[in-house]
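Heads up: the structure comes next, in structure tokens.
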Amino acid sequence: MSRRLLGLAFSLFLSASIWAAPVIKTSLNSGWFFQQTDHPDSTKWEPVNVPHTWNAKDAFDDQPGYYRGTGWYRRNLYVDAGWKGQKLFLDFEGVNKTATVFINEQKVGEHKGGYTAFSFDISPYVHYGSDNDLRVEVSNAPDPQIPPLEADFTFYGGIYRDVWLKVDNPIHFAFSKYATPAVYVNTPQVSAESAQVKVRGTVRNETGKTNRLLVRSEIFSPEGKLVEVLNKVFTVRRNSDRDFEMVSKPLNKPQLWSPDAPNLYTVKTTVQLYHSDSILDGVESPLGFRWFKADPNLGFFLNGKPLKLHGLNRHQDFAGLGNALPNDLHKKDFELIKKMGANFVRLAHYPQAPEVYRECDRLGLLVWSEIPVVNEITESKEFTENCLNMQREQIHQTYNHPSVVMYGYMNEVFIRLAYAKQLSDSVRNWKIKNTLKLARELDSLTRSEAPGRLTVMALHQNPIYNKTGIADIPQVIGWNLYMGWYGGKYTDLGTFLDKQHAEHPNRCIMLSEYGPGSDVRLHTDHPEVWDYSEEYQFLSHASYRFQVDERPYVMGMAAWIFADFGSEGRADAIPHINQKGLVKYNRTPKDVYHYYQVMNDKLPRVAIAGTNYTNRTYVADENGKSKHQVWMFTNSGQVTLYRNGEWINSQKPVDGIVKMQVPFVSGPNKLLAVTDMAEDSLVVNVKMIPRKLTAGEFHTIRVNVGSNCNFHNELTGENWIPDQPYQPGSFGYVGGDIYHSVSWKALSTQSNIKGTDDDPLYQTMREGLESYRFDVPDGCYKVTLLFAEPNSKAGQPQLIYNLSNEENEQKANLRSFGISMNGEHEVGHFNLARDYGALRAVKKTFMVNVKKGEGLSVQFLPEHGKTLLSGIRIEKR
Ligand code: GCB
């Protein structure tokens, strides 16, 4: 053959086939009807579309618990007469947590586990050219055989991910097992010089005839150029499966995939009858050329170079929607994560929607994906089988995504055992033995199903994992460390990590969770643990960041957590929500998000903290100004700050943070932070209360009693300023102590205060105070006092073992006191628990005339137990 002809043959060989998806794949998200019941009643169907959950509201209301039971879905499915002879599949991307599918009242199949996809062949059950009744019985009821058994997140029930109908040729890729994409792509050899691609899969021939088939994989570059074609011809006997495998020749200088350059190739694999042009089935797979490893001393490597993993964990729910998110919202999350400069995401604590993995491939985010074996296991064959099956499903469903580098299978699996003090040694040892057995099975399954990926497990801070040896099973250990929140100080992190590294020098470790809770309504100049201020949150994150970066052996860190998320049993500053997010539940960034954005940027940057706190109320000093902290984040050497054009200070950052005292003035304060290459500005509007309350005109003052924080009500715009001891001429408390929750040693009740959305105002309080004083000018005042009885058991019948103490117990639980205003007795026997119940927001308003320059004094007169106050507002009438 002449050279020219050879060249022509080659270019023909490399030309893309006319590739149109041969299958019909259509979404079935619309037109469903739903009933929250065990036994559907034909009159009570409510129209819904999926994604749908039945817990979007009840997991956030004041009633404890949320519906965990059965829900029924139904919809009509018209099946085209022309589809006769084709194969029909129903694909569910995720139903929490068991699903039983029926067509025309016949059971088609059942799936266990709420976070992986499943697919059923419905061809034998449908009537062609006619309507069909599709029903799905879903349950999120507790089931000891299906993980997760319990965890710090809400188990929303429902068909909460997309549903698809696929109409396929009887000769097709065998995808229904584990609902896989059916074609597996990997790179048996890859370097910057060259790479080979392996494509394997299974073809199913359901025609009843033996067929000779051609499977063809076309590899397209990120620019869409066809770079390689693989062909395989083979015979598949009737009604049987046949595996195939093709390996490419080395491809020269592949464009590598990485967080900085997520070059994504595409592999389009088709099957056709040999000697026929028409394609019977086709699958598109992502392909990234990358390689990685973990080293116990040098951390994580990607494409031969060390890469510190900087990222976060992500739960899948969203304010108002529960877990039923449209893909657009999943996408938006990952764009925000990328914009923060993260290169790593841990999908906690379960496999997430297919769209999530696609986004991570596209954006260049390295992924740790895991199955939800959280806190404890059930020691049973069925539980083990369900775990193994989930891990198989997860791996098969996400195998082709270059973003996935780690597969996890347990999170803090000994946390219940570590706290179960009453267990006998033999029961404890038995549980440990069984948990280790499950870990080994899951680990070896993962290694064999996903060679090349790293196996990983996350641990809580407890010696049990090292003592039992479970921490030696996976290839990577993630530590979930909350020093500076659940105990210790945030500066303790490095010491702990160094000790682990010294004692286990061959172990690859990373920080898989860390971080305190915060509420954008709470701000302070004096951050403290458990105050939920944004300031405490970013200070601890910054310290952690630097402690990890200083240690090359730590592979990286994943903050807990990208966004606030639903955890029904919690009582953070917003009940039912875990508020450790870097962004709010609705994705509004918190300061700490901007901190990471600055630190992750390769270009010089500076950002002023306080974007959620631009309208402030301050108490002026004798010069009419008010000095407060301004915090700035920078990756540069020095920051200079100006306020309304006036130089304030120049300073170097510590852990990426610069803190300056700024004398704020009444009205707008334009802050401008400047580094040699970057700047940022923020306008802070200040309402000034004169220090001497009689100076100037007095309007209103609101105090967040018992708290170091300003509380900002987002609806009314009101600020409740931090508490202070009484200062003559001004205001403050007299006597008493800050209330501390006994169980949490926290500054607040850590309880849901019913009847309000301003929980933080009521959660913090002073106990035992004698009075609250305001040296206000004469006049008529409306005084509003805020209270909540923090003792959840107060007022309830008590189980009293020691009868002789009965009277004392009752008195302790039923505190009562009197209230007087400037010596005028207003209320006696004020008894919160008796009159309102515990943990209820109570407001009491009084009108008071202040005369003769005596100021206003609210006195609390103890009768039983300690007096109490959560907040106080004084308004001049
Ligand atoms: C953890 C858990 C995570 C919790 C988190 C927390 O260690 O792995 O599921 O949500 O702590 O906020 O306490």
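The values are calculated or read from the model by the stated rules, or taken from the named source; none is laboratory data. It should be emphasised that the depicted structure is a prediction, and the values quoted were computed from it without experimental measurement. Don't worry about glycine lacking a Cβ; one is built from the backbone with ideal geometry, like all the others, and counts go over all protein chains shown. Protein only, heavy atoms only, side chains kept; ligands, DNA and RNA dropped before computing areas. Shrake-Rupley method; radii C 1.70, N 1.55, O 1.52, S 1.80 Å.
Might you let me know whether segment 116-126 holds any residue that is away from the ligand (no atom under 16 Å from the Cβ) and within 22 Å of the chain's Cα centre (by Cα)?
We begin by selecting, within segment 116-126, every residue away from the ligand (no atom under 16 Å from the Cβ); these are 116-126.
Retained after the next criterion (residues that are within 22 Å of the chain's Cα centre (by Cα)): 116-117.
Yes, the conditions are met somewhere in segment 116-126.
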Among strands (runs of 3 or more DSSP E) entirely inside segment 523-622, those with 3 or more residues being under 24 Å from residue 764 (Cβ atoms) and over 16 Å from the mean Cα position of the chain (by Cα) are 615-619
Might you check whether a residue that is at pLDDT 95 or above, in contact with a Phe, Trp or Tyr (Cβ under 7 Å, 6 or more places away or on another chain) and aliphatic (A, V, I, L, M) occurs anywhere in segment 529-546? yes
Might you let me know whether segment 65-87 holds any residue that is closer than 20 Å to residue 327 by Cα, part of a strand (DSSP E or B), in contact (Cβ under 8 Å) with a residue 60 or more places away in the chain and in contact with a helix residue (DSSP H, G or I) (Cβ under 9 Å, 6 or more places away or on another chain)? no
Could you tell me whether segment 91-109 includes any residue that is without any contact (Cβ under 8 Å) to a residue 24 or more places away in the chain, under 22 Å from residue 395 (Cβ atoms) and touching a Phe, Trp or Tyr at 6+ places or on another chain (Cβ under 9 Å)? yes
Looking at segment 302-313 only, could you name the residues that are within 28 Å of residue 185 (Cβ to Cβ) and either small (Gly, Ala, Ser) or open to solvent by 30 Å² or more (accessible area, probe 1.4 Å) (or both)? 304, 305, 306, 307, 311
Would segment 281-290 turn up any residue that is of a type in the set (A, V, I, L, M), open to solvent by less than 30 Å² (accessible area, probe 1.4 Å), closer than 30 Å to residue 192 by Cα and touching an Asp or Glu at 6+ places or on another chain (Cβ under 7 Å)? no
Residue satisfying all of: in segment 440-490; within 14 Å of the ligand (Cβ to nearest atom), part of a loop (DSSP other than H, G, I, E, B) and among the hydrophobic types (A, V, I, L, M, F, W, C); nearest to residue 544 (Cα to Cα) among these: 481
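Within segment 560-614, which residues are aromatic (Phe, Trp, Tyr), under 18 Å from residue 319 (Cβ atoms) and within 16 Å of the ligand (Cβ to nearest atom)?
Keep residues of segment 560-614 that are aromatic (Phe, Trp, Tyr), which gives 560, 562, 565, 585, 593, 595-596, 613.
Still in the list and also under 18 Å from residue 319 (Cβ atoms): 562, 565, 585, 593.
Those that are aromatic (Phe, Trp, Tyr), under 18 Å from residue 319 (Cβ atoms) and within 16 Å of the ligand (Cβ to nearest atom): 562, 565, 585.
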Filtering segment 697-713 for residues that are more than 31 Å from the chain's Cα centre (by Cα) and either at pLDDT 95 or above or open to solvent by less than 60 Å² (accessible area, probe 1.4 Å) (or both) leaves a count of 6
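Restricting to segment 321-336, what's the tally of residues that are part of a loop (DSSP other than H, G, I, E, B), of a type in the set (A, V, I, L, M) and open to solvent by less than 40 Å² (accessible area, probe 1.4 Å)?
At the first step, the residues of segment 321-336 found to be part of a loop (DSSP other than H, G, I, E, B) are 321, 323-326.
So of that shortlist, the ones also of a type in the set (A, V, I, L, M) come out as 321, 324-325.
Then keep just the ones that are open to solvent by less than 40 Å² (accessible area, probe 1.4 Å); that gives 324-325.
Number satisfying all stated conditions: 2.
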Within segment 624-632, is even one residue surrounded by fewer than 20 Cβ atoms within 10 Å (Cβ to Cβ), at positive phi and not in a strand (DSSP E or B)? yes
Residue pairs meeting the criteria (Cβ under 6 Å; at least 6 apart or on separate chains; first more than 16 Å from residue 389 (Cα to Cα), in segment 430-450; second surrounded by fewer than 16 Cβ atoms within 10 Å (Cβ to Cβ)): 434/379
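Please verify whether residue 490 is aromatic (Phe, Trp, Tyr), under 19 Å from the mean Cα position of the chain (by Cα), crowded, with 22+ Cβ neighbours inside 10 Å and not assigned by TED's automatic domain parsing to the domain that holds residue 58, treating the condition exactly as stated.
Values: aromatic (Phe, Trp, Tyr): yes; under 19 Å from the mean Cα position of the chain (by Cα): no; crowded, with 22+ Cβ neighbours inside 10 Å: yes; not assigned by TED's automatic domain parsing to the domain that holds residue 58: yes.
For residue 490, the condition - aromatic (Phe, Trp, Tyr), under 19 Å from the mean Cα position of the chain (by Cα), crowded, with 22+ Cβ neighbours inside 10 Å and not assigned by TED's automatic domain parsing to the domain that holds residue 58 - is not met.
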Looking only at segment 46-73, which residues are open to solvent by 60 Å² or more (accessible area, probe 1.4 Å) and either assigned by TED's automatic domain parsing to the domain that holds residue 752 or touching a Ser or Thr at 6+ places or on another chain (Cβ under 9 Å) (or both)? 49, 68
Looking at (1) part of a helix (DSSP H, G or I); (2) open to solvent by 50 Å² or more (accessible area, probe 1.4 Å); (3) touching a Ser or Thr at 6+ places or on another chain (Cβ under 9 Å), find the lone condition where residue 435 falls short. (2)
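Where in segment 141-191 are there strands (runs of 3 or more DSSP E), lying wholly inside it, with at least 2 residues that are more than 16 Å from the ligand (Cβ to nearest atom) and open to solvent by 10 Å² or more (accessible area, probe 1.4 Å)?
Details: elements: 163-168, 171-173, 183-190.
Those strands (runs of 3 or more DSSP E) span 163-168, 183-190.
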Just to be sure I understand, how many residues within segment 101-139 are open to solvent by less than 20 Å² (accessible area, probe 1.4 Å) and in a strand (DSSP E or B)? 10
How many residues are touching a Lys or Arg at 6+ places or on another chain (Cβ under 7 Å), aliphatic (A, V, I, L, M) and over 30 Å from residue 159 (Cβ atoms) if we restrict to segment 291-337? 1
